[in-house]
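Accompanying notes for the structure given below.
Each value in this text was obtained by applying a stated rule to the coordinates, not by laboratory testing. Because the structure is a prediction, the values reported are computed rather than measured. With ideal geometry, Cβ positions are generated from the backbone for all residues, glycine too; neighbour counts draw on all protein chains shown.
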Amino acid sequence: LLLSGGILDIPDGVALSKDGRWMALSNHHTHAVFVYDRAAITDLQTAPVATLHGLRHPHGLTFTHDDSALL
């Protein structure tokens, strides 16, 4: 799977916001979570709008009920 201009290595979790706008993908190998605006994804090389770093092995992602935070 190619996203963010590189290889998404060992995807460990995915979450969609309640409104369907945001998608978060965790990456086990790089210890990061990529956050995408689904409306902005034009191809498999679309860069994330945010990358969350410093997570040991991110998985079990979920958005809060009001989509204001990602846990």
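Quick look at the numbers
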read-out: HIS29-LEU70 FRET efficiency (beta carbon distance; Förster radius 25 Å; 0.05 resolution); value: 0.80
read-out: Taking the C-alpha atoms of the chain, convex hull volume expressed per residue in Å³; value: 76 Å³
